[in-house]
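Below is one structure; the comments refer to it alone.
The values are calculated or read from the model by the stated rules, or taken from the named source; none is laboratory data. Remember, it's a predicted structure, so these values are computed and weren't measured experimentally. Glycine gets a Cβ as well: all are built from the backbone with ideal geometry, and neighbour counts include every protein chain shown.
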């Protein structure tokens with residue numbers, strides 16, 4: 001994502017680095033990460049009821065119950081774990097936005113946020129759908145699918161995320177995204193019902209908990225991700241080879257502790 005500065009090791013990275021060091025050495029505790037060698041059980045995300053917003057009216061959306069299908073055991077080196085470890089923002093600050101870049105800010109029942117460089121703006125639950133929609137500011141040209149309705153104002157740089165996973169390109173008039181919304185600072189996660197988005201200098205990483213899928217917008221572009229994917233070293237501060245060594249050490253230790261003793265004659 002253009003506009004990001006040099007990468008820094010923020011609070012998320014320090015926690016994840018500490019977690020990986022703990023796994024490798026099994027000594028002490030860092031950033032409140034357990035030294036237990038078994039993956040932690042995480043709910044992504046655990047907070048807030050999703051609301052909707054439109055230009056004329058606001059309507060509540062039933063996002064369904066938060067049950068065990070939103071929880072998954074995630075190793076410390078995964079994207080999902082990194083997103084979950086980040087400090088959470090106060091969602092009460094994210095109810096404002098403007099319909100156009102120049103129009104006044106309005107209060108809504110929905111949630112709207114932006115990255116610090118304003119390269120990405122996101123809104124939740126637009127027009128009564130349990131969907132996170134994000135506008136990637138920049139080049140928006142593209143060829144819509146052949147089955148796109150004539151009334152659709154199709155934009156390639158609109159990304160939607162739902163229980164069906166991410167989709168690149170959507171109807172802007174169906175999924176309006178507000179402008180000038182409140183910024184989520186680097187190193188923080190905003191958690192809205194089933195959606196969690198981590199904002200870092202390395203990029204924006206968003207996940208939907210039921211599908212455990214999502215998308216990332218980084219300086220190299222857009223890509224689909226999964227909660228179980230290995231987190232990039234830009235987030236953890238540790239190279240992929242070092243991360244593999246930590247995982248191998250953990251698995252070896254588990255094999256030793258779980259292998260039953262062979263009886264002697």
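Conditions tested, residue by residue: (1) modelled with pLDDT of 95 or more; (2) within 12 Å of the chain's Cα centre (by Cα); (3) on the phi < 0 side of the Ramachandran plot.
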| position | (1), (2), (3) |
| --- | --- |
| 176 | no, no, yes |
| 183 | yes, no, yes |
| 189 | yes, yes, yes |
| 198 | yes, yes, yes |
| 207 | yes, yes, yes |
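Is it the case that residue 165 is surrounded by fewer than 24 Cβ atoms within 10 Å (Cβ to Cβ), over 19 Å from residue 118 (Cα atoms) and in contact (Cβ under 8 Å) with a residue 60 or more places away in the chain?
Against the criterion (surrounded by fewer than 24 Cβ atoms within 10 Å (Cβ to Cβ), over 19 Å from residue 118 (Cα atoms) and in contact (Cβ under 8 Å) with a residue 60 or more places away in the chain), residue 165 does not qualify.
Identify all residues within segment 192-211 that are surrounded by fewer than 24 Cβ atoms within 10 Å (Cβ to Cβ) and more than 17 Å from residue 159 (Cβ to Cβ); write none if there are none.
201, 210
Being outside any helix (DSSP H, G or I) and touching a helix residue (DSSP H, G or I) at 6+ places or on another chain (Cβ under 7 Å) is the filter; apply it to segment 78-109 and report the residue that is surrounded by the fewest Cβ atoms within 10 Å (Cβ to Cβ).
The selected residue is 87.
Being surrounded by fewer than 19 Cβ atoms within 10 Å (Cβ to Cβ) and touching a strand residue (DSSP E or B) at 6+ places or on another chain (Cβ under 6 Å) narrows it down to one of 218, 189, so name that one.
Unique residue meeting the criteria: 218.
Any idea which residue in segment 121-145 is modelled with the lowest pLDDT, counting only those that are buried (at least 24 other Cβ atoms within 10 Å of the Cβ) and within 15 Å of residue 182 (Cα to Cα)?
Of everything passing the filter in segment 121-145, 124 is modelled with the lowest pLDDT.
So, in segment 175-200, of the ones that are part of a loop (DSSP other than H, G, I, E, B) and in contact with a helix residue (DSSP H, G or I) (Cβ under 8 Å, 6 or more places away or on another chain), which residue ends up farthest from residue 114 (Cα to Cα)?
Ranking the candidates gives 194 first.
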